[in-house]
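Notes follow once the structure below has been shown.
The values are calculated or read from the model by the stated rules, or taken from the named source; none is laboratory data. Just so we're clear, the structure is a prediction, and the values are computed from it rather than from any experiment. In this analysis, Cβ positions are derived from the backbone assuming ideal geometry, glycine residues included, and neighbour counts consider all displayed protein chains.
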Amino acid sequence: MYGLFVMVAILLWSSLSKVMFTVPAFWTLEVAQFALVAYYLVGGPYSIQLGSNVRMDLFYGAWSDRKKAWVDSFTVLLLMFYLIVLLYGGLDSIAYSIQYQERSPSLWRPLMWPVKAVMCFGIFLMLLQSISELIKDIAKIREVEL
């Protein structure tokens, strides 16, 4: 939740610097984008942990808890496959960014590896949360209390 306040503060500074000082801050838009990346990639696993993610309830709502657990475990396995592939590519991209000192093509030209590291951290947290959800679903299928 606080990530949004950080992003709003950055964009507010951008607006104020353009109006009051008549000097645009070239870094503000890119830093706001980086803050948004951190917000949704680190916030995603947290929303799944709280159970506040959105599900299509057309058929799902009428199913029994056990059938929901079967479907959820299947979809979590697909999600885990996707996250593993994404994490593999992300780690490779971080290695490339560090090796060649990759920079953004903007006027400010910040290094790219820190934001890529935050992205990989968020993907890793999502993978851990997916494993947790899979364990919970297997426990529901086997009718075991956690």
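I need the full set of residues from the range 110-122 which are crowded, with 16+ Cβ neighbours inside 10 Å and over 15 Å from the mean Cα position of the chain (by Cα), in order please.
Selection gives 112, 113.
Among 107, 91, 83, 41, which is surrounded by fewer than 17 Cβ atoms within 10 Å (Cβ to Cβ) and in a helix (DSSP H, G or I)?
91
May I ask you to list the residues in the range 1-16 that are loosely packed, with under 15 Cβ neighbours inside 10 Å and either among the hydroxyl-bearing types (Ser, Thr, Tyr) or not in a helix (DSSP H, G or I) (or both)?
Within the range 1-16, 1, 2, 15 meet the criteria.
Does any residue in the range 120-141 that is of a type in the set (Gly, Ala, Ser) come within less than 7 Å, Cβ to Cβ, of a residue that is part of a helix (DSSP H, G or I) six or more places away or on a different chain, and which pairs are these?
Pairs found: 122/41; 122/42; 122/44; 130/76; 130/79; 130/80; 130/83.
Somewhere in the range 17-35, is a residue farther than 26 Å from residue 116 by Cα, at pLDDT below 85 and hydroxyl-bearing (Ser, Thr, Tyr)?
Within the range 17-35, one or more residues are farther than 26 Å from residue 116 by Cα, at pLDDT below 85 and hydroxyl-bearing (Ser, Thr, Tyr).
Of all residues in the range 55-92, which are within 17 Å of residue 119 (Cβ to Cβ) and free of Cβ contacts under 8 Å to residues at least 24 places away in the same chain?
82, 85, 88, 89, 92
Filter the range 18-38 down to the residues that are surrounded by 15 or more Cβ atoms within 10 Å (Cβ to Cβ) and β-branched (Val, Ile, Thr) and list them by number.
Within the range 18-38, 28, 31, 37 meet the criteria.
Considering only the range 46-60, how many residues are part of a loop (DSSP other than H, G, I, E, B) and either at pLDDT 85 or above or of a type in the set (D, E, K, R) (or both)?
1
Report yes if some residue within the range 68-77 is hydrophobic (A, V, I, L, M, F, W, C), surrounded by 13 or more Cβ atoms within 10 Å (Cβ to Cβ) and touching a Lys or Arg at 6+ places or on another chain (Cβ under 8 Å); otherwise report no.
For the range 68-77, residues hydrophobic (A, V, I, L, M, F, W, C), surrounded by 13 or more Cβ atoms within 10 Å (Cβ to Cβ) and touching a Lys or Arg at 6+ places or on another chain (Cβ under 8 Å): present.
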